[in-house]
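Peer 1: Have a look at this one before I ask anything.
The values are calculated or read from the model by the stated rules, or taken from the named source; none is laboratory data. Predicted model only: the values in this text are computed from it and were never measured. Positions of Cβ are generated from backbone atoms using ideal geometry, with glycine treated the same way; all protein chains shown enter the neighbour counts. Side chains are part of the model used for accessible areas, which takes the heavy atoms of the whole protein and leaves out ligands, DNA and RNA. Shrake-Rupley method; radii C 1.70, N 1.55, O 1.52, S 1.80 Å.
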Amino acid sequence: MLNYIWGIMILIGIVVAAFTGKMPDVTNASLESSKDAVNVCFQMLGIVAMWTGLMKIAEKSGLIDSFSNKIMPILKFLFPEVPRNSKALKYISTNLIANMLGLGWAATPAGLMAMKELQKLNKNKEIASKSMCMFMIINMSSLQLLSINIISDRSLYNSSNPSEIIAPAFIATIVTTIVGVIVGKILGGVHK
Amino acid sequence: MMRFVLIMSDLIMPLLFVYIILYGFSKHVKIYDTFVEGAKDGINTVIMIFPTLIGLLVAVGILRSSGALDFISSIVSPITDKVGFPSETIPLVLMRLVSASAARGLMLDLFENFGTDSFIGRFSSILMSCTETIFYTMSIYFISVKITKTRYTLIGALIANLAGVLASFYLTLYIFGR
């Protein structure tokens with residue numbers, strides 16, 4: 001699936017560029033983007049390492065365990081196939097809380113660890129398990145409860161009330177997550 | 001309210017540091033050694049996703065620079081116009097799926113042209129808050145564990161995203177009006 005998406009994105013881009021006469025831009029963009037990727041990775045190295053370091057302390061001290069125990073009923077509902085004592089649930093809860101707090105950089109490494117653990121439980125290593133699908137859908141439905149970046153962008157552009165979107169954004173975020181969970185459960189039931 | 005939000009956002013990280021470190025002390029964890037151990041894992045993770053990221057950013061870069069999203073917007077805008085959906089925001093809705101930073105750029109353009117307190121400004125703020133970059137997240141996570149068949153993940157994520165677009169639209173309409 002990802003192979004198709006990747007190929008189609010590039011092909012659509014080049015075909016459209018051929019018609020709009022933007023071929024030089026495309027050439028430029030492909031070179032620039034690969035350079036950008038290096039910059040992004042360098043920045044990520046520092047920030048991600050800081051978070052995973054901090055999270056390791058939280059993990060070793062049992063903080064993450066106590067948190068994931070608190071939300072265990074929710075985890076059991078979302079990921080019924082995953083055994084209760086699996087490390088996957090710990091990483092999933094870390095990922096979810098980091099996402100809710102808007103700490104995307106901390107969420108990604110925990111999410112990757114969660115996928116690694118889910119893959120260990122997965123019977124067919126090429127096909128995503130139900131738990132993986134559910135975890136990914138929830139991750140892509142946005143969990144961030146308070147969009148501080150957007151609020152600061154709004155105040156940058158002279159909004160008379162930058163934070164007026166907090167309540168509707170909160171509701172909309174809950175809507176996307178609930179819809180994601182419902183759709184994930186329904187599709188998970190259909191795809192045996 | 002605004003003040004409270006800004007104070008909160010400044011406090012989240014320091015409080016998390018204090019909480020985790022004090023908790024670590026209370027359980028007699030060798031916190032610095034543990035930090036270094038965890039940081040090493042983090043560096044390995046980033047190096048692992050590096051090639052994925054290069055491939056992804058190149059594809060997004062090509063798509064962005066070609067004007068393909070504007071082209072798609074021009075196709076769907078007659079339909080969206082009928083229901084009163086602002087066609088100016090369609091490129092943003094599409095871009096949000098592939099690139100967070102490019103989508104932010106488009107949102108700032110909309111702020112510039114229509115104002116943050118316009119229907120379009122409020123709608124795009126709420127939309128940006130309740131959606132995620134689907135293709136980025138999917139590639140990074142699935143490729144890291146070598147999953148090739150993603151089953152219903154994409155369709156599920158797209159439905160949730162569409163729900164976000166509709167929710168943002170109607171919430172803006174009901175709370176703030178046109």
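Peer 1: Based solely on its DSSP helices, what 222 nm [θ] is calculated for chain B when runs of n ≥ 4 H residues each add -39,500 (n - 2.57) and the sum is averaged over all residues, nearest 500 deg cm²/dmol?
Peer 2: Theoretical 222 nm ellipticity from helices: -28000 deg cm²/dmol.
Peer 1: Which ³J(HN,Hα) values in Hz, rounded to whole numbers, follow from the phi angles of segment A:147-159 under the Karplus curve 6.51 cos²θ - 1.76 cosθ + 1.60, where θ = phi - 60° and Gly and Pro get x?
Peer 2: Per-residue couplings from phi come out as 8, 5, 4, 5, 4, 6, 5, 5, 6, 4, 9, 6, 5 Hz.
Peer 1: If you don't mind, another one. Cut-off 10 angstrom, C-alpha nodes, Gaussian network model of chain B. Which of B:Phe71, B:Phe114, B:Phe25 fluctuates the most?
Peer 2: Evaluated over chain B, the most mobile residue of the options is B:Phe25.
Peer 1: In deg cm²/dmol, rounded to 500, what helix-only [θ] at 222 nm does chain A give when every DSSP H run of at least 4 residues adds -39500 (n - 2.57) and the total is split over its residues?
Peer 2: Details: 9 runs with 149 residues, N = 192.
Calculated from helices alone, the mean residue ellipticity at 222 nm is -26000 deg cm²/dmol.
Peer 1: With θ set to phi - 60° and the Karplus curve 6.51 cos²θ - 1.76 cosθ + 1.60, what are the ³J(HN,Hα) couplings of segment A:170-179 in order, to the nearest whole Hz, using x for Gly and Pro?
Peer 2: 3J(HN,Hα) across segment A:170-179, in whole Hz: 4, 4, 4, 5, 5, 4, 4, 5, 4, 4.
Peer 1: Hey, what's the per residue convex hull volume over the C-alpha atoms of the protein assembly as shown, in cubic angstrom?
Peer 2: Numbers: hull volume 51.3 nm³, N = 370.
Taking the convex hull of the Cα positions in the protein assembly as shown, it is 139 Å³ per residue.
Peer 1: On to the next question. Which whole-number value in Å³ per residue fits the convex hull of the alpha carbons of segment A:45-97?
Peer 2: Once divided by residue count, the hull of segment A:45-97 is 76 Å³.
Peer 1: Give me the orientation-averaged projected area of the Cα convex hull of segment A:39-192, in nm², one decimal.
Peer 2: Numbers: hull surface 43.8 nm².
Approximately 10.9 nm², given one-decimal rounding.
Peer 1: Separate question: Distance between the C-alpha centers of segment A:80-125 and segment B:1-60? Whole Å please.
Peer 2: 15
Peer 1: Right, here's the next one. Give me the dipole magnitude in Debye, nearest 20, for segment A:65-192 about the Cα centre, with unit charges on the beta carbon: positive for Lys and Arg, negative for Asp and Glu.
Peer 2: 620
Peer 1: For the protein assembly as shown, build the charge dipole from Cβ charges (+1 Lys, Arg; -1 Asp, Glu) around the Cα centre, then report which of B:Thr131, A:Gly188, B:Tyr170 sits farthest towards its positive end.
Peer 2: A:Gly188
Peer 1: Continuing with this model, one more query. If segment B:1-48 were replaced by its equivalent ellipsoid, with semi-axes equal to the square roots of 5 times the Cα gyration tensor eigenvalues, what would those be, largest first, whole Å?
Peer 2: They are 28, 18, 5 Å, listed largest first.
Peer 1: Using a 10 angstrom Cβ neighbour count of at most 15 plus a DSSP loop assignment to flag exposed GluC sites (Glu not before Pro), which longest range of chain A is free of such sites?
Peer 2: For GluC sites (Glu not before Pro) (loop position, at most 15 other Cβ atoms within 10 Å), the longest site-free span of chain A is A:1-80.
Peer 1: Semi-axes of the equivalent ellipsoid of segment B:67-176: what are they in whole Å, largest first, if each equals the square root of 5 times a C-alpha gyration tensor eigenvalue? Don't skip to the end; give the middle numbers.
Peer 2: Values: eigenvalues 138, 42, 40 Å².
Output for segment B:67-176: semi-axes of 26, 14, 14 Å.
Peer 1: Could I ask something else about it? Using the charge dipole of the protein assembly as shown (Lys, Arg: +1 at Cβ; Asp, Glu: -1 at Cβ; taken about the Cα centre), state which of A:Ile14, B:Leu69, A:Ser131 has its Cα farthest towards the positive end.
Peer 2: Going by the charge dipole, the pick is A:Ser131.
Peer 1: Sticking with this one: Between chains B and A, what is the buried accessible area in Å², counting both sides, with a 1.4 Å probe and ligands, DNA and RNA left out, to the nearest 100?
Peer 2: Counting both chains, the buried surface is close to 8600 Å².
Peer 1: Just B:Ile31, B:Ile79, B:Ile49 to compare: in a GNM of chain B, with alpha carbon springs under 10 Å, which one fluctuates most?
Peer 2: Highest fluctuation among the options: B:Ile31.
Peer 1: With every protein chain left in place, what is the accessible area per residue of the protein assembly as shown in square angstrom, probe 1.4 Å?
Peer 2: On a per-residue basis, the protein assembly as shown sits at 47 Å².
Peer 1: Give me a single rounded figure for B:93-100: the average over its residues of other chain Cβ atoms within 10 Å of their Cβ.
Peer 2: That works out to 1 on average.
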